Amino acid sequence: MSAASESELQLLIERARAGDTRAFEDLARREERALYRHALRIVGTTSDAEDIVQEALFSAWRSIASFQGLSFRAWLFRIATNRALDQLRSRKRRPELPLDPPDDDDITWAEPVAPGPDLTQLAGDREALAAVETALGALPADQRTALLLRDVEGFAYEEIAVITSVEIGTVKSRIHRGRLAVRNTLISQGWRGPDG
Amino acid sequence: MTLQHPHAELSAYIDDALDPAAQAAVEGHLVACALCRSHVAQLRATAAFVQALPDPVPSRRLVPRLAAPAWLAPLRTLMTLASGAAVFLFIASAVISNITFLTSGGATGTTAQEASRDTAAKVQAPAAAGPASTPSPAPAGSGNVAFGLSPSASPLPDTARAPQGAATDDPRTRADRSTAVPPGAPGAALNPQDAGRLTSAEPQRSLLNPWLWLALAIVCGGIAIALNRRLRTSV
């Protein structure tokens with residue numbers, strides 16, 4: 001982000017904190033789609049994701065006076081992520097994998113059984129992307145959340161720790177486990193990893 | 001190389017999330033370990049894959065409309081009330097129209113007025129057709145008989161009274177006669193005063209038109225619904 005847009009952002013945040021509704025709407029509009037894709041990949045249904053984002057933005061507006069420290073974007077993601085995870089926990093009908101998986105030492109690295117297509121050659125492959133979506137959907141919610149915050153939204157580990165309210169070591173573990181699980185899914189579908 | 005395969009550190013390594021010492025240790029290991037290099041490349045490619053996932057678009061606006069104008073809520077209430085009142089007036093005017101229709105034996109107030117107008121034209125026509133110096137001996141009660149057919153008829157028009165005052169040869173009367181048109185012609189026996197009376201009756205007839213109120217109710221209801229939706233997405 002350029003210095004000009006950074007200062008513009010700070011100005012908008014200050015105006016929003018002072019009660020300027022239009023400034024808040026401006027800020028929220030910038031993150032609307034990112035929050036939606038994040039919520040959608042956590043909860044899996046479009047209507048729930050839309051409701052979560054809308055409620056999160058309402059909630060953010062009501063509590064904007066208490067915003068401090070975190071980046072505004074991370075703050076919005078924290079509210080939306082908490083709502084999405086709460087929604088997921090409250091779903092009794094959908095069996096969910098445990099939120100706290102075992103330690104990293106238990107992770108196994110699946111190896112390709114036969115030479116297949118190189119991952120880098122599949123980068124634009126719809127089938128491969130669909131496989132990644134499926135693999136993400138099968139991850140425990142906390143791993144999925146951490147991986148999305150890192151790989152899709154580009155948050156730093158420290159920010160993810162604040163957003164998800166866990167220690168940075170846990171964030172590191174969740175991201176690695178999630179990424180490895182997706183990689184293993186692709187391997188199981190015949191993908192051959194790029195040669196190191 | 002003292003470090004065992006640093007599998008658990010590889011994701012943090014590619015994300016530059018390790019402290020400098022750990023980062024250097026992993027780098028040192030990678031120089032000598034082809035397996036870990038391969039794993040790092042796979043994890044990088046996996047991260048790129050996750051990043052490349054398509055961006056879904058919400059089906060509706062998710063940003064709450066915080067800046068809703070203060071007049072929005074009162075206007076919605078007003079429109080709701082107006083819609084309700086229009087529905088009431090629709091029902092009331094429909095009932096009144098039916099009652100009028102039944103009591104006039106099938107002829108509506110409008111047709112009764114038109115009948116009286118036709119009759120007035122017939123009364124006035126012979127006077128206009130004959131010479132001004134020979135007044136036609138119109139029966140004094142002819143106008144009353146003619147308008148007696150229609151109790152709701154408007155007062156006797158000037159043109160209908162003309163035969164009674166024809167002997168005076170009043171210039172105004174002559175002027176009225178000169179403008180008279182034979183019966184059956186379009187606009188027959190409609191002098192400006194009559195036209196004025198008829199146009200003043202138009203609003204009354206419009207107010208009794210149930211469809212006017214129904215249309216008004218639909219419009220107001222539509223606006224109220226739209227405003228309500230707008231307010232629902234506002235704080």
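What ranking of B:Asp16, A:Asp48 emerges when the number of other C-beta atoms within 10 Å of each C-beta is taken as an exposure proxy, fewest first?
Result, fewest neighbours first: B:Asp16, A:Asp48.
Provide the net charge surrounding A:Glu167, with neighbours chosen by a C-beta distance below 12 Å and charges set as Lys +1, Arg +1, Asp -1, Glu -1. Could the numbers behind the result be given before it?
Details: positive: A:Lys172, A:Arg174; negative: A:Glu158.
With Lys, Arg at +1 and Asp, Glu at -1, the net is +1.
Output ³J(HN,Hα) for the range A:65-79: one whole-Hz value per residue in order, computed from phi by the Karplus curve 6.51 cos²θ - 1.76 cosθ + 1.60 with θ = phi - 60°, and x for Gly and Pro.
Whole-Hz 3J(HN,Hα) from phi for the range A:65-79: 5, 8, 5, 6, x, 4, 5, 4, 4, 5, 5, 4, 5, 5, 5.
Using the number of other C-beta atoms within 10 angstrom as an exposure proxy, rank A:Thr164, B:Thr103, B:Thr77 with the fewest first.
Ascending Cβ contact count within 10 Å gives the list B:Thr103, B:Thr77, A:Thr164.
Put +1 on the Cβ of every Lys and Arg and -1 on every Asp and Glu Cβ in the range A:1-41; which of A:Ser5, A:Gly19, A:Leu35 then has its Cα farthest towards the positive end of the dipole?
With unit charges placed on the Cβ atoms, the residue in question is A:Leu35.
Can you list residues from other chains, or at least 5 along the same chain, whose modelled amide H is less than 5 Å from the amide H of A:Arg192?
Counting only residues 5 or more places away or on other chains, the set is A:Gly116, A:Asp118, A:Leu119.
Counting other beta carbons within 10 Å of each Cβ, put A:Phe77, A:Phe72 in order, fewest first.
The order, fewest Cβ neighbours first, is A:Phe72, A:Phe77.
Quick check for you: which residues of the range A:16-57 have the amide N under 15 Å from the point 7 Å beyond the Cα of B:Arg230 toward its beta carbon?
none
Readers should treat all values here as calculations from the given coordinates under stated rules, not as data from a laboratory. Predicted model, so just to flag it, every value in this text is computed and none were measured. Ideal geometry is used to build each Cβ from the backbone, glycine not excepted, and the neighbour counts take in all protein chains shown.
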